[in-house]
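Participant: Let me give you the structure first, and then I'll get to my questions.
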Amino acid sequence: SLQLICVLFGVFSGQAIVTTAGQTAQWDVTAAGLLLLFTEATSRIVYRKSSQAKPAPILRESFNLLKIGITYSLFLEAFKIGS
């Protein structure tokens, strides 16, 4: 259930960030940079080599699922705008 909550919260937060940043069109570049930084940092933590110390598996998996939810919502928003 925690994994489902993380994915759904990622979808919700991704849509909230896109709509909030898109209202005034002043925060678009900043929001995109922060989302890119978040996804790259999460990918680096989750997928680094196993010889290095890792955080707790449940926390690592939760951040990865949050990242997946945000990325999924950004794709959905792009398809809505494109159609």
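Participant: Which net charge results for the neighbourhood of ILE70, defined as the other residues with beta-carbon distances under 14 angstrom from its beta-carbon, given Lys and Arg at +1 and Asp and Glu at -1? Could you put the intermediate results ahead of the total?
Facilitator: Details: positive: LYS67; negative: GLU40, GLU77.
Net charge around ILE70: -1.
Participant: So what's the angle, to the nearest 10 degrees on a 0 to 90 scale, between helix 28-46 and the longest Cα principal axis of the chain?
Facilitator: 20
Participant: Still on this structure, please answer the following. Restricting to DSSP loop positions (anything but H, G, I, E, B) with no more than 10 other Cβ atoms inside 10 Å of their own Cβ, which trypsin sites (Lys or Arg not before Pro) remain in the stretch 1-51?
Facilitator: LYS49
Participant: DSSP loop chymotrypsin sites (Phe, Trp or Tyr not before Pro) in the chain with at most 16 other Cβ atoms within 10 Å of their Cβ, which ones?
Facilitator: Loop-located and lightly packed - TRP27, TYR47.
Participant: Let me ask something additional. Pick out, from LEU37, TRP27, ILE17, the residue whose Cα sits farthest towards the positive end of the charge dipole of the chain, with +1 on the Cβ of Lys and Arg and -1 on the Cβ of Asp and Glu.
Facilitator: Value computed over the given set: LEU37.
Read-outs: derived from the displayed coordinates by stated rules, not from any lab. Keep in mind that what you see is a predicted model, and the values were worked out from it rather than measured. Cβ: placed from backbone, ideal geometry, glycine included. Neighbour counts: every protein chain shown.
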